[in-house]
1. In square nanometres and to one decimal, what's the mean projected area of the convex hull around the Cα atoms of the stretch 1-149?
2. Which of ARG366, ARG375, ARG87 moves the most in a Gaussian network model of the chain with Cα springs under 10 Å?
3. Would you please give the FRET efficiency between ARG116 and ALA158, computed as 1/(1 + (r/R0)^6) with r the Cβ-Cβ distance and R0 = 60 Å, to the nearest 0.05?
4. Given that just one value was derived from the coordinates, which of (1) 5, 21, 32, 27, 13, 2, 0; (2) 4, 11, 10, 10, 10, 8, 8, 8, 7, 6, 5, 3, 3, 2, 1, 1, 1, 1, 0, 0, 0, 0; (3) 5, 25, 36, 26, 7, 0 is P(r) over Cα pairs in 10 Å bins from 0, in percent?
5. Which residues' amide hydrogens lie under 5 Å from the amide hydrogen of THR370, considering only partners 5 or more residues apart or on another chain, with H built in the peptide plane?
6. Starting from 0.36 nm per residue, how many nanometres of slack lie between THR390 and ASP201 once their C-alpha separation is accounted for?
7. What's the FRET efficiency of GLU84 with ASN345 using the Cβ-Cβ distance as r and R₀ = 51 Å, to the nearest 0.05?
8. Could you give each residue of the stretch 137-153 its phi-based ³J(HN,Hα) in whole Hz, using Karplus coefficients 6.51, -1.76, 1.60 with θ = phi - 60°, and x for Gly or Pro?
Amino acid sequence: MNYSAQEVMQYVGEEDVKFIRLAFCDIYGRQKNISIMPDELARAFEYGIAFDASAIEGFGDETHSDLLLHPDPDTLAILPWRPEHGRVVRMFCTITYPDGRVFECDTRSILQKAIREAEEAGIRFSFGSELEFYLFKLDENGDKTRIPYDDAGYMDIAPDDKGENIRREICLTLEQMGIRPESSHHEEGPGQNEIDFRYSDPLSAADNALTFQTVVKTVACRNGLWADFSPKPLTGKPGSGFHINLSAQRPDHQKLLPFLVAGVLEKVSEMTAFLNPGADSYKRFGSDKAPRYISWSKENRSQLARIPAAVGQYQRVELRSPDPSANPYLAFALLIYAGLYGIQNALQPPQAADINLFTADSDTLRQFQTLPATREEAIAIAANSEFIKTVLPKAVIESYCRNQ
């Protein structure tokens, strides 16, 4: 948005804004916020707003509990579902200690650090997200059920697809917030939907992925439903993925995509505990187009990484293993570091697997390494990874690997 702090304060004064939400997330990507009144905004920009971090999972205990939120004026967005009079806006924040040091478990700052290191190497990354979710009904008491909103299939249309108007409302709401969805459709599962985003810089893409989940849940609630972003909500039905499209550019126009693919494939097992943080994440692997094997190919949705049909600036790699329970800031930071590793070492990817891995025979499949089969296996690999120890703070690693 390119707003300055002064422009934000002017906007708040002129547009009848009564509440400012200072947003951040815990290390697992769950959004949190504090609301302040307009009179507190100048103090927020100059000094930060204190909060009790001991109650936020992964942020420590009561012994050093005071942290400060510093709003980023570039992230100003209206919350369109709040009243027109007495408007509510939101800004994402940097988290610091009282002495000004950036809090090491602020995952948005971890991503910003990865972006800076890439830029220092002369490389610019772009990301696009494809997020899947289920819409379920509420019962007569307003409590959650596991009854899908419809029984439609892949890219079905209304009236079978009852989610059409919900997706429309979601996309229009996102546009009002300055976020540009690219496409939307019904997915394979009953009540399952997908909305995709145009590619953008890594920080905006991660902010948008976090905002997207809030918007979807809000719109679903307004329509008497609830939205589920868990990786495998229904046994025997397709899981939900967080497909991440990424590309890298350098001023010399050298083709970096092979190096990027190679770096991501080499480090993907070490990153899986962060890309797939829940026990149910691993129930999704190996069925309904969710990958199990560490492989790549062009246009092939049975692979872990695929190169979609595109030309020029739209060439990218799509990683299909992450799911919506991942923290997008950590996911994008790790992919930047894995990409940099591949690019800086000029790694070459393995031979493309131009076969359908869901129908291949056992002799063929034995040629491929597999993703971790359980959360425990993923945690063990991450805990012993020199790559992870190099790019993530110790406190974040320990929080994700704490049951080791």
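Computed from the coordinates by the stated procedures, all read-outs in this text should not be read as laboratory data. Note that the structure is predicted; figures quoted are calculated from it, not measured. Note: ideal-geometry Cβ built from the backbone for every residue, glycine included; neighbour counts use all protein chains shown.
1. 12.6 nm²
2. Of ARG366, ARG375, ARG87, the Gaussian network model singles out ARG366 as fluctuating most.
3. 0.85
4. (1)
5. HN-HN under 5 Å from THR370: ILE294.
6. Taking THR390 through ASP201 to full extension adds about 65.7 nm, to one decimal.
7. Details: r = 54 Å, r/R0 = 1.06.
Here the calculated transfer efficiency is 0.40.
8. In residue order, the calculated couplings are 7, 9, 7, 5, 9, x, 8, 5, 10, 10, 8, x, 5, 8, 10, 6, x Hz.
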